[in-house]
Amino acid sequence: MSDSNKTYFTNPSTFILLGIPGLEEAHVWISIPFCAMYIITILGNLIILFIVKTEPSLHEPMYYFLCMLAVTDLVLSTSTLPTILRNFWFNFREINFNACLTQLYFIHSFSVIESGIFVAMAFDRYVAICDPLRHSTILNNSVVAKIGLAVVLRGAIFALPYPFLARHWPYCRTNVIPYTHCEHMDVVKLACADIRASSYYGLFVLICRIGLDVLFISVSYIQILKAIFRLPTKDARLKTFGTCTSHLCVILAFYIPTLFASLTTRFGLNIPLHIYILFANIYLLVPPMLNPIIYGVRTKQIRARLLRLVTLKGT
């Protein structure tokens, strides 16, 4: 096709989000579990924040990181779910170009932040189990604040090139995105240009976010397991390992769907589009919902505080 038949517009005014192509008739039904997950996410993470704030015994590094995780989950889900539900309920598919770039920035920056928080939590578990006598000295409030700031800055900086790269490309022919919300690769694929810079940078961030972070987490847990196996009794080993199970569960819930969605986007695996979109939404919907549930059920202090709140309300 000749260049004369293409209409270039460097910055399109709007994009059209199709939602889940092929399942348009089921959008309303799909919105029900999506909305339920969003409500659980909001309530669960707000409860975690309230419990940690009001319970002095929980003012420890592990729970500070848990609060950071709760805030990250709230932002990550709120940056996407309203757009998805607006499309499903009211068939309102248009999204402003700048709003689309802002949305993809928030998604990618807070995904990197969440991954960094998991690394920080793994380090906390490592110190607590392998060097418990120095835990309060190594991870004092000042160090925790510095770790938190570093995690946030890393996420903000890593995601900053995404909207600038997306804005740089010329777009033509269509502004229709066959997706539920704005993701970096789904947007730049509409560009009429060589987008290898966007693809390579996205792959670099993916390697840092999943590859390096998972490596650091794995090294921490290898040392933790070595320390656990050196404990004298089986009960002591089980009890100590039990303090790590919540963290391991949320790590698996976050990294597995994230890795699948990212690799599928880049390498075009032969998966039906609607299946891919449904699965890709999992890493934005399910982990923020599961994290407060897992920690609420598996963490004795949070569970006890929640039961006291329920009991007080009941009386």
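The values are calculated or read from the model by the stated rules, or taken from the named source; none is laboratory data. All values derive from a computational prediction rather than experimental measurement. Methodologically, a virtual Cβ is constructed for each residue, glycine included, from the backbone with ideal geometry; neighbour enumeration extends over all protein chains shown. Accessible surface areas use protein heavy atoms only, side chains included; no ligands, DNA or RNA. Shrake-Rupley method; radii C 1.70, N 1.55, O 1.52, S 1.80 Å.
Is it fair to say GLU114 is among the acidic types (Asp, Glu) and surrounded by fewer than 13 Cβ atoms within 10 Å (Cβ to Cβ)? Break it down stepwise before answering.
Working: among the acidic types (Asp, Glu): yes; surrounded by fewer than 13 Cβ atoms within 10 Å (Cβ to Cβ): no.
No.
Here the range 186-207 is the region considered, the condition is being among the β-branched types (Val, Ile, Thr) and without any contact (Cβ under 8 Å) to a residue 60 or more places away in the chain, and the residue that is surrounded by the most Cβ atoms within 10 Å (Cβ to Cβ) is VAL188. Looking only at the range 217-254, which residues are among the aromatic types (Phe, Trp, Tyr) and buried (at least 17 other Cβ atoms within 10 Å of the Cβ)? Of everything in the range 217-254, those that are among the aromatic types (Phe, Trp, Tyr) and buried (at least 17 other Cβ atoms within 10 Å of the Cβ) turn out to be TYR221, PHE254.
If you go through the range 71-82 one residue at a time, do you hit one that is open to solvent by 30 Å² or more (accessible area, probe 1.4 Å), over 16 Å from MET37 (Cβ atoms) and under 18 Å from the mean Cα position of the chain (by Cα)? Within the range 71-82 (the criterion being open to solvent by 30 Å² or more (accessible area, probe 1.4 Å), over 16 Å from MET37 (Cβ atoms) and under 18 Å from the mean Cα position of the chain (by Cα)), the answer is yes, since at least one residue qualifies.
Within the range 12-69, the residues that satisfy the criterion of being exposed (fewer than 15 other Cβ atoms within 10 Å of the Cβ) and closer than 30 Å to ASN141 by Cα are LEU43, LEU46, PHE50, LYS53, THR54, PRO56, SER57, HIS59.
Evaluating GLY155 against the criteria (1) without any contact (Cβ under 8 Å) to a residue 60 or more places away in the chain; (2) assigned to a loop (DSSP other than H, G, I, E, B); (3) within 21 Å of VAL112 (Cβ to Cβ) leaves one unmet condition, (2). Looking at ARG154, ARG134, ARG93, can you tell me which residue is under 20 Å from ILE16 (Cα atoms) and open to solvent by 40 Å² or more (accessible area, probe 1.4 Å)? ARG93 is the lone residue from the list that is under 20 Å from ILE16 (Cα atoms) and open to solvent by 40 Å² or more (accessible area, probe 1.4 Å).
Residues checked against (1) touching an Asp or Glu at 6+ places or on another chain (Cβ under 9 Å); (2) at pLDDT below 90:
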| position | (1), (2) |
| --- | --- |
| LEU85 | no, no |
| PHE92 | no, yes |
| ALA99 | no, no |
| PHE110 | yes, no |
| GLY116 | yes, no |
| VAL143 | no, no |
| LYS146 | no, no |
| LEU149 | no, no |
| VAL152 | no, no |
